[in-house]
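Here the structure is laid out as structure tokens; the discussion comes afterwards.
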Ligand SMILES: *Cc1c(COP(=O)(O)O)cnc(C)c1O
């Protein structure tokens, strides 16, 4: 599984016309189960856990978390004990994602909002140790320097001096920080999946990125907030699939591609731009949608 990080990632053409080119970096295809950016972000934590005497990985997530799902699979394949702290009450959560995590051997603990916030914000403190023993604590989404260093490997698959813009969806901003660790020329456009994300620079600074001039933020395409959706978004995703045969997720990549297409319509990219959009995976999360919402 970890060897899939070293394979070259496929790049698919989407739109090639005079004036603009859009390609897609298919991180969603790197592995049948742990697709997208999550395995990259986890990789250093996994290597470190195997290398040291941390026998257990503990991490956090919501009921449909791609991060929890990827962690559960990775730990199962590497024979690492893992604990997932899930935000919410056990009886209120009915999620295939969490069911999968349990089947893959993750020990699930539910925490109410307040406890979740306390544990999450006080990562690695005595409280976690007292409750769960000695663990390698992976912050939610792999946030932090180790996560970013893992994500920085993604750029190995992007040919140099080909693209003018790299576009990606942002949650914790760990992947973005990783991409920015490499000294390259492309402009970067970040599409936050959250509404009102106003601490992006601070997050990047914390992960060692001081020079943020390369990145611009396109904050118009959150569709109401994290994991919110509108009929327009869903129609766009279905049409995108019909046209390009590429499934998108509704939390991140659907909004990203909608945003890029809209910017193209508004002629927001300079003439001759060559854009690489990151397909960061997340397709398992589409299972939270009512049946038949998506055509794929
Ligand atoms: C987690 C996730 C992201 C966000 O990555 P960050 O490193 O947290 O910014 C983007 N796309 C998908 C599909 C994801 O699952």
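Structure notes:
- Descending by average beta-carbon neighbour count within 10 Å, the peptides 214-225, 125-136 line up as 214-225, 125-136, the highest first.
- Cα long-axis angle, helix 66-78 against the chain (0 to 90 degrees, to the nearest 10): 60 degrees
- When the chain is treated as a GNM with alpha-carbon contacts under 10 Å, the residue of 165, 109, 91 showing the greatest mean-square fluctuation is 91.
- Gaussian network model of the chain, Cα within-10 Å springs - most flexible of 235, 37, 286: 235
- Overall form of segment 60-134 per C-alpha gyration tensor (a/c, 1.5; a/b vs b/c): oblate
- When each of the peptides 142-151, 44-53 is scored by how many other beta carbons lie within 10 Å of its residues on average, the order from highest to lowest is 142-151, 44-53.
- Prolate/oblate/rounded label for segment 139-206 (Cα gyration tensor, a/c 1.5): oblate
- Inter-part distance where segment 51-105 and segment 273-290 are each reduced to a Cα centre, Å: 21 Å
- Dimensionless Rg ratio for the chain, taking C-alpha atoms and the 2.2 N^0.38 Å reference: 0.98
- Degrees separating the helix 231-244 axis from the principal Cα axis of the chain, which is the longest one: 70 degrees
- Prolate/oblate/rounded label for segment 80-123 (Cα gyration tensor, a/c 1.5): oblate
- Rounded tilt (10° steps) of 253-265 against the dominant C-alpha axis of the chain: 20 degrees
- When Rg and the Kirkwood radius Rh are both evaluated on Cα atoms of segment 27-66, their ratio Rg/Rh stands at 1.02.
- Convex hull projection area averaged over all views, segment 11-159, Cα basis, nm²: 10.7 nm²
- Pairwise Cα inverse-distance average, inverted: Kirkwood Rh of segment 193-296 (Å): 15.2 Å
Readers should treat all values here as calculations from the given coordinates under stated rules, not as data from a laboratory. In this text, all values refer to a predicted model and were calculated from it rather than measured experimentally. Please note: Cβ atoms are built from the backbone with ideal geometry, for glycine as well, and neighbour counts cover all protein chains shown.
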